[in-house]
Amino acid sequence: MDASGNLYGTTFGGGASGCGTVFELVNSSGTYSEKVLYSFASSSGDACSPQAGLIVDASGNLYGTTNHGGSKCYGTVFELANSSGTYTEKVLYSFTNSSGDGANTLAGLIMDASDNLYGTTYGGGAGGHGTAFELVNSSGTYSEKVLYSFTGGDGSNPQAGLIKDSSGNLYGTTSYGGGSGDCACGVRTLLLVLNAPAKEVKICVRRLSRSLGITRKTIRDKTFLLPVASVLGDPRRKIAVSHVRSFG
């Protein structure tokens, strides 16, 4: 939502080519009218089929991801550059699903103070279990850096995005995978950190710590759940997980 109460989002399908849209609901005293800001194409390396929401920068530019499309058809990160309410699309990165790169992102993005973008891919990576990635911004040109490739035993197939703390640590979930014991049957886990009371939490939790050079640390390893959404953090460093499917 912007300062005028206008709403922005994406559709997986529809649009001029059936590849989905980015839309705005324009607010007029609580009554909304839709405006299609961009229709994704089905050719020429364009993005296709977004499955997550958008973020906006200080200039009103919109950023998002798509599950398909791009030069290799494994999904993209895109920008809609705003010029007085007219938007122009630019594919910032196309995932390749090769040489350790990710594939098919289902999640949205976060942005840091330097306009670097962070997210996850459901597939790809060194072992095919998904990745956490950064798009490093250099004067509006982005290069991808795979921060971590999941192995299956430590988590697999993230479906949600990340959050970031003041130390640069990233937090999120994976929908499958896990280590030994309760996580061995591979139907649940997480990717980053949980700071919770001693009561049963039932989440396999991992952290990517910038101070450790982007490494994984197990915080808690109990679960009978399938996290499919992102985590929320508060100033006390407590994290909650929503949209969890139960398996037991």
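Here the strands (runs of 3 or more DSSP E) wholly within region 87-173 that include at least 2 residues being within 11 Å of the chain's Cα centre (by Cα) and either among the basic types (Lys, Arg) or modelled with pLDDT of 95 or more (or both) are 117-121, 131-138. Every test in (1) in contact with a Gly (Cβ under 6 Å, 6 or more places away or on another chain); (2) in a strand (DSSP E or B) is passed by residue 33 save one, and that test is (1). State yes or no: is residue 72 out of contact with any helix residue (DSSP H, G or I) (no Cβ under 6 Å at 6 or more places or on another chain), assigned to a strand (DSSP E or B) and either within 20 Å of residue 109 (Cβ to Cβ) or of a type in the set (Lys, Arg) (or both)? The answer is no for residue 72.
Quick check on residue 102: is it more than 19 Å from residue 23 (Cβ to Cβ) and free of Cβ contacts under 8 Å to residues at least 24 places away in the same chain?
Taking the combined requirement at face value, the residue does not satisfy it.
Only a single item in (1) buried (at least 16 other Cβ atoms within 10 Å of the Cβ); (2) within 23 Å of residue 127 (Cα to Cα); (3) without any contact (Cβ under 8 Å) to a residue 40 or more places away in the chain is not met by residue 109, and it is number (3). Being more than 25 Å from residue 130 (Cβ to Cβ), of a type outside the set (S, T, N, Q) and buried (at least 20 other Cβ atoms within 10 Å of the Cβ) is a property that residue 80 has.
Can residue 49 be described as surrounded by 15 or more Cβ atoms within 10 Å (Cβ to Cβ) and on the phi > 0 side of the Ramachandran plot? Considered against the rule, which asks whether it is surrounded by 15 or more Cβ atoms within 10 Å (Cβ to Cβ) and on the phi > 0 side of the Ramachandran plot, residue 49 comes out as yes.
The values are calculated or read from the model by the stated rules, or taken from the named source; none is laboratory data. Keep in mind it's a predicted model, so treat the numbers as computed, not measured. As a convention, Cβ positions derive from the backbone with ideal geometry for all residues, glycine included, and neighbour counts pool all protein chains shown.
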